Amino acid sequence: MIPRRAGSFQDRAEVHRLRSAVEGGGTAVLCQVLAGMGGVGKTQLAADHARHAWAVGEVDLLVWVTAATRQAVIDAYAQAAADILHTDPADPERAARAFLAWLEPAPGRPRWLIVLDDVADPADLRDLWPPAHDRGRTLATTRRRDAALATHGRLVPVGLFTPAEATAHLRHALAAQGRTEPEPDLAALAEDLGHLPLALSQAAAYLTDTELSAAAYRTRLTDRARQLADLLPEPGQLPDDQSTPAAAAWSLSVDRANELRPAGLARPMLELAAMLDPNGIPQQVLTGESALGYLTAHRSFDHRHSPTPGPSSVTEEEATGALRALHRLSLIDHSPAEAHQAVRVHQIVQRTLRDPLDPDHRDLLARFAANALTDAWPDIERDAGLASALRANTAALIACAEGALYQHAAHVVLHRLGESLGSSGQVAAAVQHFQDLADNTAHLLGPDHPSTLASRSDLIFWRGQAGHASGAAEAAALLLEDQLRILGPDHPNTLTARSNLASLQGRSGDAPGAAAAFGALLEDHVRVLGPDHATTLSTRNNLALWLGQAGDATGAAAAFATLLEDHVRVFGPDHPHTLTARHNLAGSRADAGDLAGATAAFATLLEDRLRVLGPDHPHTLATRHNIAHFQGEAGDPAGAADATAALLEDRLRVLGPNHPDTLTTRNNLAHFRGEAGDPAGAVEALTVLLEDHLRVLGPDHPNTLATRFSLAAWQGITGDSHGAAKATAALLEDHLRVLGPDHPDTLAIRTTLTHWRQLAGEQ
């Protein structure tokens, strides 16, 4: 019997793709194989194609075979032989061979279509594929994607519904029961269910049986205390003659994948993937050291398929083999060429793997997944795509891990996520993340726990980066009080809190106070950590920096020169810290008036950074930035513009369009082009840049305020003094609100406003 047509069958693209292969009864494709994950509607597509072929007279003989096992295929062929050839069914294999022989071309033979539905293993069809000729066609459905299937016919991948098809499916299924729901709610529910046909049809039946609204059902879906099996119809109440609830639709596939080589690894691999982002997981996350540790500890051997089981460590090659096994069973999509999203898993498959896990196993799995993400996270994010994928996977893990990442301490991956958000330019998101982290650690671990203090410290840092230096400084002072009370004055974290407070003091406009604070901190760092400790040297760097900001450019340059000598002695000439010290010394020389010496120093530094760090390292790009800057300062704005344009191409490629360094490069390019004679072009470029600053960094970020200042200045240079005055006046209000009346930048804005008002003839 051909399966009954689903009540809300969708006329999707695959329907027409199947029919077009045999247009007008032709024989373009003699065998087609519908391949896809369980629940995407392969059987319904095959049934629709079979009914259509019969209805329009394309075939004279139609045989539907449920091909879940080899014996089932043999029995179906034997029954056909008995019905057509009157063969004795007592010997099924002989009868099946007779049927296949009869399908061979011969005068007077009918046109036939054989449908092999739900092929579980390509090996089951060895010697049982119908013959290929222009009087017959074969259509198979399977979850398998083995290469062997492609040798028998054209593979037709069957995927999920499109969003429009999924929403229409829900609408029609509910309408058949006299139900209507708001279209946005249906679209949102379809998204929650991942546009999977099986889940959609069963959810519609559940809504009908329970009289729940789509919005209320979505709320239950997000309740982690509920299992998916409890949110779908019971086995006896499934729609469209379905035999398996969605929550159990993939269990047999998982078992089969687990039997494939390397045996015993598919299930634990799928468990790991079930904790991560369904839209794409970098392969190195699932094949790194922590992932291999989980696979080794949870490998499930079946002695029938693995004659020499043992506790030996799983290798990266075996882990990749497990991914391929899952791919062959359509439980995942594994595309190694897509480096950052190599593994995709449907969210319903993920949930069916997570739901049955006991709480202890689930917590353990979450921590292994967090370790795997940490393993894959580079110290320096040179690859913006990888960083974005790691952030998405960490967010997915947080959503399903509950409190597992806060056992004894906040897992380091939580801090890496916030740092990555901030470093990629998403400063507001970093502030919100660390606010949530500080709240969670205080609630789960206590207000005095080291994780809580560390989260507060990170929150303070990124609040400062977001432009709220004064508020961050107040929070830093409170944190320092708690650090002194809990950890004591000489604890490294207490000293770090003092360093953060001193920096915020300087960024709030008190450069002399910051220099004095770093001077006092340096004495304690030397006493507690020693003169050659990296943190001590970093404090000396900060002291020299704020000395320069306080107006002592000569003293700052001398301090940086001495500091460089100690870096060479302690770390060696090619250490990144030493190269950074050379960078800072070159900059201090420029501040002291030695522009030629600074330019030469940066040029030499660039050679060494290219040699040691490579052309795409952020520090190498920063050196190129400074060389272009001083080229413009030396009176060559056209050359500076060319160098900055080349730098922008590389920063876009390496860091992405939203990184703060990329935005800064765009600002500099506009400036140099204006200096080279195109002020109107500078206004146009800065106008577009300001929109991106507002979108990426927010209205109060220092870089956003600086871009507004530059835009107003170039607006005035083009002759629009009134517009420049108006823009500068609005900017002054925001500087007063964000930075306060005594901040140097606020004072500079006041002076500039007076200038533009005078030029505009305003009082």
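The numbers here are math on the coordinates, done by the rules we state, and not lab data. Just so it is clear, the model here is predicted, and its values are computed rather than measured. Please note: Cβ atoms are built from the backbone with ideal geometry, for glycine as well, and neighbour counts cover all protein chains shown.
Here is how the numbers come out for the structure above:
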quantity	calculated
Alpha carbon centroid spacing (whole Å) that separates segment 184-218 from segment 636-714	47 Å
Principal axis dimensions, segment 107-223 - Cα atoms, whole angstrom, descending	60, 32, 23
749, 460 arranged by Cβ crowding within 10 Å, fewest neighbours leading	749, 460
Beta bridges by DSSP in the chain, antiparallel share as percent, to the nearest 5	10 percent
Contact order relative to length of segment 159-277, as percent, for alpha carbon pairs under 8 angstrom and 6 or more apart	19 percent
Principal-axis tilt of helix 359-376 within the chain, Cα atoms, nearest 10 degrees	60 degrees
Between segment 724-739 and segment 540-610, the alpha-carbon center distance in angstrom	34 Å
Student exercise, the chain dipole from Lys, Arg, Asp, Glu Cβ charges, in Debye to nearest 20	1180 debye
Relative exposure of 499, 20, judged by other C-beta atoms within 10 Å (fewest first)	20, 499
Between segment 71-149 and segment 374-421, the alpha-carbon center distance in angstrom	52 Å
Reciprocal mean inverse distance between Cα atoms of segment 250-407 - Kirkwood radius, Å	15.5 Å
Total formal charge among the other residues, if their Cβ is under 15 angstrom from that of residue 568, Lys/Arg +1 and Asp/Glu -1	-2
Segment 514-560: C-alpha gyration tensor shape, a/c 1.5 cut-off, then a/b vs b/c	prolate
For the chain, diffusion coefficient by Stokes-Einstein and Kirkwood Rh (Cα), 10 °C, 1.306 mPa s, µm²/s	51 µm²/s
Whole-Hz ³J(HN,Hα) from phi, Karplus 6.51 cos²θ - 1.76 cosθ + 1.60, for segment 317-329, glycine and proline x	4, 5, 4, 5, x, 5, 4, 5, 5, 5, 5, 4, 8
Exposure proxy order (Cβ contacts within 10 Å, fewest to most) of 42, 726	726, 42
Tensor-based shape of segment 13-157 (alpha-carbon gyration tensor, a/c under 1.5 rounded, otherwise prolate or oblate)	oblate
Phi to ³J(HN,Hα) by Karplus 6.51 cos²θ - 1.76 cosθ + 1.60 over segment 255-271, Hz, x for Gly, Pro	4, 5, 4, 5, 7, 6, 5, x, 4, x, 10, 5, 5, x, 5, 5, 4
Segment 508-620 shape via C-alpha gyration tensor axes, a/c threshold 1.5	oblate
Burial order of peptide ranges 151-158, 611-618, 279-286 (average beta-carbon count within 10 Å, highest first)	279-286, 151-158, 611-618
Vicinal HN-Hα couplings computed from phi for segment 9-15 (Karplus, 6.51 cos²θ - 1.76 cosθ + 1.60; Hz; Gly/Pro x)	4, 9, 7, 8, 4, 5, 4
Average Cα contact separation per residue, segment 233-390, under 8 Å, 6 or more apart, as relative contact order %	31 percent
Dimensionless Rg over Rh [segment 658-763; C-alpha; Kirkwood]	0.97
Ranked packing of 430-436, 684-690, 35-41, 742-748, most packed first, by mean Cβ within 10 Å	35-41, 430-436, 684-690, 742-748
Length-normalised contact order for the chain - Cα pairs under 8 Å, 6+ apart - percent	7 percent
Estimated [θ] at 222 nm from DSSP helical runs (n ≥ 4, -39500 (n - 2.57)) normalised by residues in the chain, nearest 500	-20000 deg cm²/dmol
